[in-house]
1. Once amide H atoms are built 1.01 Å from N in the peptide plane, which residues 5 or more positions from E64, or in another chain, come under 5 Å H to H?
2. Using amide H atoms built 1.01 Å from N in the peptide plane, name the residues 5+ places from D127, or on other chains, whose amide H lies under 5 Å from its own.
3. Please give the FRET efficiency for D211 paired with V272, using the beta carbon to beta carbon distance and R0 = 51 Å, rounded to the nearest 0.05.
4. With a point put 7 Å past each Cα toward its Cβ, work out how far E342 is from R68 in nm, to one decimal.
5. Please work out how much length the chain gains when fully extended from N129 to A325, using 0.36 nm per residue of separation minus the C-alpha to C-alpha distance, in nm with one decimal.
6. Quick check on packing: order 284-291, 90-97, 215-222 by the mean number of other C-beta atoms within 10 Å, highest mean leading.
7. Whole-Hz Karplus ³J(HN,Hα) for segment 275-291, in order, using 6.51 cos²θ - 1.76 cosθ + 1.60 and θ = phi - 60°, x for Gly and Pro?
8. What does the highest-first list of 15-21, 4-10, 98-104 look like by mean Cβ count within 10 Å?
Amino acid sequence: MPRVRICSVNGEWMNDWFTPDADPNVDWREEFTRDGQTNDTEQTASRLAAMIRAIDPDVLALEEGPSRRAELALFVRDHLADAYESFLGDSGAAQKLGLLYKPGSVDSAQLAPHAEIADLIEDWDADVNGDAVLDLYGFTRTPLVVDLVIGGHPLQTIVAHTKSNFINRGRDLWEDPATRQSYIVAALVNRRRISAEGMRIRRYLDRRLTDAPDTAIMVLGDLNDGPGLDYFEERYITHNVTDILVGSAFAPERVFTHAQHDVAANDRYTAVFEDFVPTPEVKRLLLDHILLSPGLSRADGLRRIDGSGAIRHAEHEAQVVDNGARRQDRPSDHRPVSIDLEH
């Protein structure tokens, strides 16, 4: 039976690699600056590309992609042997969402019609400030929704990258008693925004599956949240985003399968960061996810291959030197995730 591999990777500020948007001549920069360090562009792009080639996905969701489609096409041409066609989202500024696919593996690919994904495009009422007042809110990066046909079977892919938790000078604000409360307020706003975005995606999924329970849908990307509760989620928010997206136990027929549950618990992480709340601690976090609708667990048609969900640690580590100290020393600060389907 034919197989296809679907993967998600965070490109970690790919937009740094290209000439400014004001320059109509899209080209590579020889070098770029990130975190106060100068990096070689060719070396950096080559590491990301080598990791992708080693995984060899048929469909690749991309987060933190470049700001112009011509830049993404340049990366595909120069580093991926022009093996992929691509889509690039129209929101996210310098961190856009993309989807690449091999024409030989995918029958057809097109952006989902706007009328069918209004829940993912239009602003909605939400209280992201915790003031009990509903204001219009919109996604930080509007999800990129692409309708694929693989082996004659439709598959809708929703590439998502929710609001970041990052707060400028956050550690200083937290460690200073005079500013700690202002940090907490800002951290809660960020988490409420992530939660609102997760809930909005779930609303869309519930509507689709209520209308057509066997619909094949995949949500994949960097959700800036993982299983379990961090300090703020446990004490203030009392939930996390991935739980919302997976679905409710009271509607088991609409619960999604998490592909990375196939991975051993000790390896179930995609990013390593130092969290300073409540005390400094290096944490392994599962921030990158692939969620599959119940229709992808059926016995025929397009379906997931049991046990094939993966976090691509080996392919990532093969491209890391000097412990990834500089941007040019690593393919990304996130490990890719993947799932194999058959039909």
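1. Excluding prolines and chain starts, which carry no amide H, the hits are G11, K96.
2. Those lying under 5 Å, H to H, from D127 are D135.
3. 0.80
4. About 4.5 nm, to one decimal.
5. Contour length minus the Cα-Cα distance gives 67.0 nm.
6. 215-222, 284-291, 90-97
7. 9, 9, 10, x, 9, x, 7, 7, 10, 9, 10, 8, 9, 10, 9, 10, 10
8. Taking the mean over residues of other Cβ atoms within 10 Å, the ranking is 4-10, 98-104, 15-21.
Since every read-out is calculated from the coordinates, none of them should be taken as a lab result. As the structure is a prediction and not an experimental result, all values here were calculated from the model. Reconstructed Cβ throughout: ideal geometry from the backbone, glycine too, with neighbour counts over all protein chains shown.
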